[in-house]
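Below is one structure, written out as structure tokens, with a few remarks after it.
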Amino acid sequence: MAAPKLDPDASLVEACQAQTVSGLEGPFRTLYNQYKDRVYNVCYRVTGNATDALDASQETFGILFRKIGGFRFQSRFSSWVYRIAINASIDLKRRQNPRRLASLEAITSSEEGEGTRFDLEDPTADLPAEVASRRELESEVQRAISRLSPKLRSITVLRYIESLSYDEIAESLDISLGTVKSRLSRAHAAMDRELTPVLHKHYLG
């Protein structure tokens, strides 16, 4: 199947498919560099900690490079990458103790948090108390995300961390547009229950 003209990754993916040399070289290296931050960001938000995010990211790229030769552009390439990253993250958490809450050990690390789109810290706030308060709020947001079911967590990450449209989410998760809207509505309700007391504490308390 021919690559969709609107897929910005078409030429790069086709170059990877045509490459005969194995390993992370040439177009594969370019592809990795282009997606490594986005993949890690998704894996981090779904798994809840840096160690699991690295493991899920490695699994994602392992699958990606093993199966890229069979990719036939039936969806956008980026949608396929997101789907693999989401599934790798959920599978990793399922293999662990399902009752274990996602760790928040790295949520306030400035190095690990670089480049994420869900950064609530205001760089102009130079007072230590204000910075600490904002970091605490971000931790609460991540905690609320981690308490969602895997399906709701995945759709929340794609919508609010990766800023995907409803259509892009439907394509990435291989679900209908109606299911996207339904799951987001349920995720909103769950997040509201979790975060309303926190927001009162930070802004009204």
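The values are calculated or read from the model by the stated rules, or taken from the named source; none is laboratory data. Everything numeric here is computed off the predicted structure, so don't read it as measured data. We place every Cβ from the backbone using ideal geometry, glycine too, and count neighbours over all the protein chains shown.
Is there any pair linking a residue in the range 59-80 that is in the same structural domain as Glu171 (by TED's automatic domain parsing) to one that is at pLDDT below 90, with Cβ under 7 Å and at least six apart or on different chains, and which? Going by the 7 Å Cβ cut-off, there are no qualifying pairs. If only residues of the range 156-191 that are surrounded by fewer than 21 Cβ atoms within 10 Å (Cβ to Cβ) and touching a residue at least 60 places away in the same chain (Cβ under 8 Å) are counted, the one that is farthest from Trp80 (Cα to Cα) is Ile161.
For residues that are free of Cβ contacts under 8 Å to residues at least 40 places away in the same chain and within 11 Å of the chain's Cα centre (by Cα), scanning just the range 81-95, find the one that is nearest to Glu14 (Cα to Cα). Selected residue: Ile84.
Do the conditions hold for Arg38, that is, is it surrounded by fewer than 21 Cβ atoms within 10 Å (Cβ to Cβ), without any contact (Cβ under 8 Å) to a residue 24 or more places away in the chain and within 23 Å of Ala10 (Cβ to Cβ)? No; evaluated as a whole, the condition is false for this residue. In the range 50-147, counting only helices (runs of 4 or more DSSP H) that sit wholly within it, the ones holding 2 or more residues that are modelled with pLDDT under 80 and of a type in the set (Gly, Ala, Ser) span 128-146.
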